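The values are calculated or read from the model by the stated rules, or taken from the named source; none is laboratory data. These numbers come from a predicted model, not from an experiment. No Cβ is skipped: glycine too gets one built from the backbone with ideal geometry, and neighbour counts run over all protein chains shown. Surface areas here come from the heavy atoms of the whole protein model, side chains and all, with no ligands, DNA or RNA. Shrake-Rupley method; radii C 1.70, N 1.55, O 1.52, S 1.80 Å.
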Amino acid sequence: MFQEELVGTQGFAGNSSLVYHLYPPTIVTRIESSVSLEPKIAVKKGLKARSFKTFNIEGHPDYLKSRKTLLVNNDLYISIAAPQKSVNYFYKNADADEMIFIHKGSGKLKTIYGNIPFEYGDYLVIPRGTIYQIEFNETDNKHLVIESFSAISLPRKYRNDYGQLQEHSPFCERDIKIPTELKTHDEHGEFDVMIKKQGILYHYVYGTHPFDAVGWDGYQYPYAFSIHNFEPITGRLHMPPPIHQTFEGNNFVVCSFVPRMYDYHPQAIPAPYHHSNIDSDEILYYVDGDFMSRNNIEKGQITLHPGGIPHGPHPGAIERSIGKKETNEIAVMIDPFKPLMVTEEALKLEVKDYYKSWITQPEKILENGSR
Ligand SMILES: [Fe+2]
């Protein structure tokens, strides 16, 4: 006989799955001590454009300790991580859906729903309540992590009344990697499960292996989507940021900037306009390629452009862009609709005086513009 578990969300009215276990999923043999993972806020309110070099963080052999939370509000946390090794414990985020963007490294996400192999460019989306482990193939791993306190989903604007992605969507169902290789672990013993709830990491010890499912069905499961499979939408005139949208949660969106043709009107200026996100902060995480609107930007660098003040191309970028046909840039953008707070960990990585980086030197613009 199997043990049925309903994994439900939003008072059992949201997405759910039925999981069939070998043993009841309730066999807790011990609870060890807990630790606080709550981020320490350094700047609660601010209106300053900032930038952070995240590739400067040291790697750490422990999966959870490698995670540094940089920017937070009540809807989401944004972290970076450089885990070096696979760990023996299991992890469950009971508060938040996690989206892990794989910037460096490859491996396998292991869950009760099966496994998902991942590589550079994959977004792993792991719904809250999913116990997981990650097996790494390399020691040099770099992740951008979003913890969302609401469900992360594919944008509603791409879907029809029945939920199917429409043809104008920049990706479709066949691009979604779902768990495969379901392996049923019939094991008794001591299994450490670290559970994060309200910023506290609880250490539970289970008496049976957490991945003891013989099967499951439903709509609540982890998946992966590669940024390299995002088909860009381009036009004769400048296309606005929403065409890059990839995911959404309550009060935020995630967008993918990928290699694409520039605007092809003969008089188009490929660099974007100066812009004010009146009611949204804007986070850009630079992944690869030459980011055309920015000067001196490195891989893994984050910019925070807060709502309330305009930002735009760096000096010389507009002139440099004229006549260019395409870009090879890759970046992940996160737009939270409520202001973000900056943590102490973020300040350690901050680029000094980034907010002054638009100071115009007219003679320099002419020089750069002629390149
Ligand atoms: Fe922007």
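Suppose a student asked you for the relative contact order of the stretch 48-156, using Cα pairs under 8 Å spaced at least 6 residues apart; what percent would you report?
So the answer I get is 32 percent.
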Worksheet item: Convex hull volume of the Cα atoms in the stretch 142-286, per residue, in Å³?
Response: 176 Å³
Response to the item:
Two pseudo-spin positions, 7 Å from Cα along C-beta at Lys65 and at Ile200, lie apart in nanometres by 2.2 nm
Discussion item. With an 8 Å Cα cut-off and a minimum separation of 6 or more residues, compute the relative contact order for the stretch 46-101 in percent.
Written reply: 30 percent
Practice prompt. Would you compute, for the Cα atoms of the stretch 96-177, the largest minus smallest coordinate along each principal axis and list the three values in descending order, in whole Å?
Written response: 43, 24, 22
Worksheet item: So how far apart, in nm, are the two label points at Glu119 and Leu237 if each is 7 Å from Cα heading toward Cβ?
Response: 4.0 nm
Item to complete: Could you give the C-alpha radius of gyration of the stretch 19-83 expressed as a fraction of 2.2 N^0.38 Å, taking N as the number of residues it contains?
Response: 1.64
Worksheet item: Any idea what Rg and Dmax come out to for the chain if you just take the C-alpha atoms, in Å?
Response: 21.8, 78
Response to the item:
Contact order relative to length for the chain, counting C-alpha pairs under 8 Å separated by 6 or more residues, stands in percent at 22 percent
Discussion item. Tell me the net charge near Asp212. Cut-off is 12 Å between Cβ atoms, Asp212 excluded, with +1 for each Lys or Arg and -1 for each Asp or Glu.
Written reply: -2
Response to the item:
With R₀ set to 22 angstrom, the calculated FRET efficiency between the beta-carbons of Ser34 and Phe149, to the nearest 0.05, is 0.65
Discussion item. Through the Karplus equation 6.51 cos²θ - 1.76 cosθ + 1.60, θ set to phi - 60°, convert the phi angles of the stretch 242-255 into ³J(HN,Hα) values in whole Hz; use x for Gly and Pro.
Written reply: x, 5, 8, 5, 10, 9, 9, x, 5, 6, 7, 10, 10, 10
Worksheet item: How many percent of the accessible area of the stretch 119-176 is carbon or sulfur, using a 1.4 Å probe?
Response: 44 percent
Worksheet item: Which of the trypsin sites (Lys or Arg not before Pro) found in the stretch 1-66 are loop residues per DSSP with 13 or fewer other Cβ atoms within 10 Å of their Cβ?
Response: Lys40, Lys44, Lys45, Lys48, Lys65
Practice prompt. Please go through the stretch 149-190 and write out the GluC sites (Glu not before Pro) that DSSP classes as loop and that have at most 14 other C-beta atoms within 10 Å.
Written response: Glu167, Glu181, Glu187
Worksheet item: Exactly which GluC sites (Glu not before Pro) in the stretch 1-46 are in a DSSP loop and have at most 13 other Cβ atoms within 10 Å?
Response: Glu32
Worksheet item: Gaussian network model of the chain, Cα springs within a sub-10 Å range: biggest mean-square fluctuation belongs to which of Pro25, Pro310, Pro222?
Response: Pro310
Worksheet entry | Of Thr26, Thr208, Thr130, the one that fluctuates the most in a GNM where the chain has Cα springs shorter than 10 Å | Thr26
Practice prompt. Return the single residue from His209, His168, His143 with maximal mean-square fluctuation; model: Gaussian network over the chain, springs between Cα atoms under 10 Å.
Written response: His168
Practice prompt. Could you rank Cys255, Cys172 by how accessible they are, 1.4 Å probe, largest area first?
Written response: Cys172, Cys255
Discussion item. Using the alpha carbons of the stretch 155-199, what is the convex hull volume per residue in cubic angstrom, as a whole number?
Written reply: 184 Å³
Discussion item. Before I look further, what does the stretch 182-305 give for accessible area per residue, probe 1.4 Å, in whole square angstrom?
Written reply: 45 Å²
Item to complete: Can you pull a Stokes-Einstein diffusion coefficient for the stretch 251-317 at 10 °C (1.306 mPa s), Rh from Kirkwood over Cα pairs, as a whole number of µm²/s?
Response: 118 µm²/s
Discussion item. Using the Cα centre of the stretch 1-152 as origin and beta-carbon charges of +1 (Lys, Arg) and -1 (Asp, Glu), tell me which of Thr26, His143, Phe12 is placed farthest towards the positive end of the dipole.
Written reply: His143
Item to complete: Grab the beta carbon distance between Gln164 and Ile359, set R0 = 35 Å, and tell me the FRET efficiency rounded to 0.05.
Response: 0.10
